[in-house]
1. Would you pick out the residues in the range 52-75 that are more than 16 Å from G13 (Cβ to Cβ) and surrounded by 12 or more Cβ atoms within 10 Å (Cβ to Cβ)?
2. How many residues does the range 76-102 hold that are among the hydrophobic types (A, V, I, L, M, F, W, C) and over 23 Å from G13 (Cα atoms)?
Amino acid sequence: PSMKCGNGSTVQGLASISKFLARKSSSKTILGLGREDEAFVDQWMEYRLLQELDSYLTGRVYFVGENFTLADFVLFHGLYSIIKNMTFMEKQQFINLSRWFSHVGSPHPLITVFVFNYFFNVCRFRR
């Protein structure tokens with residue numbers, strides 16, 4: 001989902017929109033009381049996202065179609081630190097997502113292309 005802001009900019013993503021609206025709310029407790037509570041709010045929002053991704057991957061190998069796509073690449077790297085740090089028991093709660101993560105995490109030609117292009121083309125122009 002996306003939301004148009006008063007200044008014309010657009011906020012995208014359920015978690016981003018939710019936090020944006022919560023910060024604009026008059027409620028002082030909507031994000032919790034203090035940094036620790038806010039971290040727990042984030043944790044539960046993250047948990048919900050993982051549930052949805054896991055459910056979506058039921059019966060699927062990739063997020064789009066029958067082949068590895070940019071969607072898999074971006075999601076893998078966005079979820080890497082979260083899934084990599086999960087315990088075995090936590091991974092069992094998201095069995096489809098864990099399966100996808102292991103499969104996509106194995107060497108893939110598209111990842112090689114992205115890394116090659118980044119280091120040999122993009123970085124060259126930043127000097």
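1. Looking only at the range 52-75, we keep the residues that are more than 16 Å from G13 (Cβ to Cβ), and these are 54-55, 57-62, 64-70, 72-73.
Listed by number, the residues that qualify are D54, L57, R60, V61, Y62, F68, T69, D72, F73.
2. As a first pass, look at the range 76-102 and keep what is among the hydrophobic types (A, V, I, L, M, F, W, C): 76, 79, 82-83, 86, 88-89, 94-95, 97, 100-101.
Narrowing the set further to residues that are over 23 Å from G13 (Cα atoms) leaves 86, 88-89, 95.
Total meeting the criteria: 4.
Every read-out reported here was derived from the displayed coordinates using simple, explicitly stated rules and does not represent laboratory data. Note that this is a predicted model, so its numbers are computed, not measured. Positions of Cβ are generated from backbone atoms using ideal geometry, with glycine treated the same way; all protein chains shown enter the neighbour counts.
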